[in-house]
1. For region 1-24, how many residues are over 18 Å from residue 61 (Cα atoms) and touching a strand residue (DSSP E or B) at 6+ places or on another chain (Cβ under 9 Å)?
2. Answer yes or no as to whether residue 59 is part of a loop (DSSP other than H, G, I, E, B) and either in contact (Cβ under 8 Å) with a residue 24 or more places away in the chain or within 24 Å of residue 114 (Cα to Cα) (or both).
3. Applying the selection to region 13-39, what residues are at pLDDT 95 or above, under 28 Å from residue 113 (Cα atoms) and in a loop (DSSP other than H, G, I, E, B)?
4. Return yes or no: is residue 103 touching a Lys or Arg at 6+ places or on another chain (Cβ under 9 Å), at negative phi, in a loop (DSSP other than H, G, I, E, B) and surrounded by 14 or more Cβ atoms within 10 Å (Cβ to Cβ)?
5. Does any residue in region 66-92 that is in contact (Cβ under 8 Å) with a residue 12 or more places away in the chain come within less than 8 Å, Cβ to Cβ, of a residue that is part of a loop (DSSP other than H, G, I, E, B) and acidic (Asp, Glu) six or more places away or on a different chain, and which pairs are these?
6. Tell me, yes or no, whether region 17-28 has at least one residue that is among the hydroxyl-bearing types (Ser, Thr, Tyr) and surrounded by fewer than 16 Cβ atoms within 10 Å (Cβ to Cβ).
7. Given the residues 102, 77, which is the only one that is of a type outside the set (D, E, K, R) and under 26 Å from residue 21 (Cα atoms)?
Amino acid sequence: APTLLLDGIIGYSLQGSPRGSARRLIEWADVQPAPVLALDVPSGLSADTGLPASPTLRAAATLTLALPKRGLLSPQAAPWIGRLFLADIGVPAQLYRHLGLAPPPDLFRTSDLLELLP
């Protein structure tokens, strides 16, 4: 039996409810005894709203990349994301500025990995 499941089935581009093999993988993973580490966003969860589709994989922890996705910080996402971590993937500050984003300049000054929600 697996000791940890890495969830990268869908990611943040979810449109509607998971279908086909993605749905079957989520349903299988959700009944496994091993904890789930979601990469970027738990499969089935909207990165924009934090609302779960059917099915949505419940994660013990979520590792989101570069900047937190808006939906992960919403109260309705809490039962699905577990502990929330943010990882630096080396996006240059000028790219953030070009996109009209202004993350704190010292966001990753002390560590490449930050815990946002325990």
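The values are calculated or read from the model by the stated rules, or taken from the named source; none is laboratory data. For clarity, every value in this text was computed on a predicted model and none was experimentally measured. Don't worry about glycine lacking a Cβ; one is built from the backbone with ideal geometry, like all the others, and counts go over all protein chains shown.
1. So in region 1-24, the residues over 18 Å from residue 61 (Cα atoms) come out as 1, 13-24.
Filter once more, so that each one left must be touching a strand residue (DSSP E or B) at 6+ places or on another chain (Cβ under 9 Å): 14.
Number satisfying all stated conditions: 1.
2. Working: part of a loop (DSSP other than H, G, I, E, B): yes; either in contact (Cβ under 8 Å) with a residue 24 or more places away in the chain or within 24 Å of residue 114 (Cα to Cα) (or both): yes.
Yes.
3. Scanning region 13-39 gives 32, 33, 34, 35.
4. Working: touching a Lys or Arg at 6+ places or on another chain (Cβ under 9 Å): no; at negative phi: yes; in a loop (DSSP other than H, G, I, E, B): yes; surrounded by 14 or more Cβ atoms within 10 Å (Cβ to Cβ): yes.
So residue 103 does not fit the description; no.
5. Close Cβ pairs (under 8 Å, with a partner that is part of a loop (DSSP other than H, G, I, E, B) and acidic (Asp, Glu)) amount to 66/88; 69/40; 69/48; 70/48; 71/48; 87/112; 88/112.
6. So the first thing to find is which residues in region 17-28 are among the hydroxyl-bearing types (Ser, Thr, Tyr), and the list is 17, 21.
Imposing the further condition that a residue be surrounded by fewer than 16 Cβ atoms within 10 Å (Cβ to Cβ) reduces the set to 17, 21.
Looking through region 17-28, at least one residue is among the hydroxyl-bearing types (Ser, Thr, Tyr) and surrounded by fewer than 16 Cβ atoms within 10 Å (Cβ to Cβ).
7. Details: 102 fails: under 26 Å from residue 21 (Cα atoms).
Matching residue, one of 102, 77: 77.
This table checks each residue for (1) closer than 18 Å to residue 18 by Cα; (2) among the β-branched types (Val, Ile, Thr); (3) surrounded by fewer than 22 Cβ atoms within 10 Å (Cβ to Cβ).
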position: 42; (1), (2), (3): yes, no, no
position: 58; (1), (2), (3): yes, no, yes
position: 68; (1), (2), (3): no, no, yes
position: 89; (1), (2), (3): no, yes, yes
